[in-house]
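Encoded as structure tokens, the structure appears first; notes follow it.
Each reported figure results from applying straightforward, stated rules to the coordinates on display, with no laboratory input. In this text the structure is predicted, and so the values were computed from the model without any measurement. Methodologically, a virtual Cβ is constructed for each residue, glycine included, from the backbone with ideal geometry; neighbour enumeration extends over all protein chains shown.
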Amino acid sequence: MLPELIDACTQIYPGVMAIVDRMLPTYAEHSARRAQEMEEAVRTIRAAGVMPGVTTAVLRMHEGLAEMNFNEVGLTEWTVESLIARLAHLAGSRTAAPAPSPFKGEGWGEGESC
């Protein structure tokens, strides 16, 4: 089903999928560095007096990717399909609780949204 989904997205959104094809495979390799960069962005946004809701969520995503061992499968080059399949496999094998809300501790009250 994944190959068919990728093919359909490529036909419907060729420009978007070109970017995905170029960028997504680098996430496995660079996720730890990207998490550090997002952590710095969160600090900068907070310093400006703004709640970094979406930025914090992106930070959490990169932290999660950085915790996964992508190298154990022995691939030297990732494709969109192989990366999504690996993430699905790893996510299915994790027994950890769901990630905390990126808004916790950010001043968001119960029932409030951005």
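Values computed for the structure shown
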{"item": "The stretch 2-91, relative contact order [Cα under 8 Å, separation at least 6], %", "result": "37 percent"}
{"item": "Share of Cα-Cα pairs in the stretch 2-91 lying beyond 19 Å, as whole percent", "result": "50 percent"}
{"item": "Positive-end extreme of charge dipole, the stretch 2-91 - chosen from M17, H89, A48 (charges on Cβ)", "result": "A48"}
{"item": "Difference of contour (0.36 nm per residue) and Cα-Cα distance, H89 to I45", "result": "12.4 nm"}
{"item": "Environment charge at Y27 (Cβ cut-off 11 Å; Lys +1, Arg +1, Asp -1, Glu -1)", "result": "+2"}
